[in-house]
1. All but one of (1) within 16 Å of the ligand (Cβ to nearest atom); (2) out of contact with any helix residue (DSSP H, G or I) (no Cβ under 8 Å at 6 or more places or on another chain); (3) of a type outside the set (Val, Ile, Thr) hold for residue 186; which doesn't?
2. Return the residues of the range 208-230 that are buried (at least 18 other Cβ atoms within 10 Å of the Cβ) and within 14 Å of residue 51 (Cα to Cα); say none if nothing qualifies.
3. Restrict the check to the range 98-112 and report whether at least one residue is within 17 Å of residue 145 (Cα to Cα), out of contact with any Gly (no Cβ under 8 Å at 6 or more places or on another chain), in contact (Cβ under 8 Å) with a residue 60 or more places away in the chain and small (Gly, Ala, Ser).
4. Quick one: how many residues across the range 169-188 are under 20 Å from the mean Cα position of the chain (by Cα) and either among the small types (Gly, Ala, Ser) or within 22 Å of residue 68 (Cα to Cα) (or both)?
5. Tell me, which strands (runs of 3 or more DSSP E) lie completely within the range 26-102 with 1 or more residues that are touching a Leu at 6+ places or on another chain (Cβ under 8 Å) and within 15 Å of the ligand (Cβ to nearest atom)?
6. Test residue 70 against the stated conditions and say whether it is within 23 Å of residue 215 (Cβ to Cβ) and basic (Lys, Arg).
7. Report whether or not residue 193 is at pLDDT 95 or above and part of a helix (DSSP H, G or I).
8. Going through the range 219-239 one residue at a time, which ones are part of a strand (DSSP E or B) and either within 17 Å of the chain's Cα centre (by Cα) or near the ligand (Cβ under 9 Å from one of its atoms) (or both)?
Amino acid sequence: MPVKRCGPAAVLENKPLGDGIFRMTVRWTEPVQAGQFFMVRGWDRFPLLSRPISVHDAAEETLVFLYEVRGEGTQLLSEKRKGDSVELTGPVGTGFPVEKLKGKIAVVSGGIGIAPLLLAVKGLSGCEVTLCCGFRDKSYALDDFRPYVREIRVATDSGREGKKGFVTELTDPAEFDAVITCGPEPMMEKLARACIEKGVPCYVSMERHMACGIGACLGCTHHTAQGAKCICKDGPVFKGEDIYA
Ligand code: FES
């Protein structure tokens, strides 16, 4: 498990991708795992809590966050420019078991749930990966995935791109040896239940409001088949059957 570190990280780029989505690159040299996240803040006192933001990509000296402006904290992050810094605590949590997966893998996202899946896809070397992704109206970040996947299937709520409808309509677990997913809970629940029914392993990345992000406040406790677990420390990635069976 990589060492958790707290401290400032220099912002190298913070690029708007449209529709309130930003890609922030910071300097970082410690190892991270696909599916882990950082508690991020770019302000002094208010808002009180740091924001949990998953790792989108990582290289030897950089870390990339893909995030959506949803409130005051992410709005402040979106205003960061090259040369500014953000405070990071992490990496936190248990990621996707990408090194254990083999064969045909469906990687399924809903909205900004696509964020932690790039590093996961990069870790699925030797697998045949199909990315199934749902967006409200317009896709983003897909070019980064193209070198690592066999196929990309897109669904949008509006029908502007890909199939009009839900991403779950594009994903039949019976086609795959395993499924990994991140997105809105109703989407993940539907997908995980379909996987359970067809006996296909499924890994879901859960999202919660988090106060401490390190397993200290118990504010993110969730009931699982293995008892009460902290989403931040024991997750955010769980087996689908532990959450939805
Ligand atoms: Fe505090 Fe998870 S956010 S225990």
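The values are calculated or read from the model by the stated rules, or taken from the named source; none is laboratory data. On a predicted model such as this, the values are computed, not experimentally measured, just so you know. Cβ sites come from the backbone with ideal geometry, for glycine too, and all protein chains shown count toward neighbours.
1. Tallying (1) within 16 Å of the ligand (Cβ to nearest atom); (2) out of contact with any helix residue (DSSP H, G or I) (no Cβ under 8 Å at 6 or more places or on another chain); (3) of a type outside the set (Val, Ile, Thr), residue 186 fails exactly one: (1).
2. Restricting attention to the range 208-230, the residues satisfying the condition of being buried (at least 18 other Cβ atoms within 10 Å of the Cβ) are 210, 212-213, 220, 224, 229-230.
Those that are buried (at least 18 other Cβ atoms within 10 Å of the Cβ) and within 14 Å of residue 51 (Cα to Cα): 210, 212, 213, 220.
3. yes
4. Residues flagged as under 20 Å from the mean Cα position of the chain (by Cα) and either among the small types (Gly, Ala, Ser) or within 22 Å of residue 68 (Cα to Cα) (or both) within the range 169-188 amount to 10.
5. Details: elements: 37-41, 51-58, 62-68, 85-92.
Counting at least 1 such residues, we get 37-41, 51-58.
6. Numbers: within 23 Å of residue 215 (Cβ to Cβ): no; basic (Lys, Arg): yes.
The answer is no for residue 70.
7. Numbers: at pLDDT 95 or above: yes; part of a helix (DSSP H, G or I): yes.
Considered against the rule, which asks whether it is at pLDDT 95 or above and part of a helix (DSSP H, G or I), residue 193 comes out as yes.
8. Going through the range 219-239, the residues part of a strand (DSSP E or B) turn out to be 221-224, 227-230, 236-239.
Result: 221, 230, 236, 237, 238, 239.
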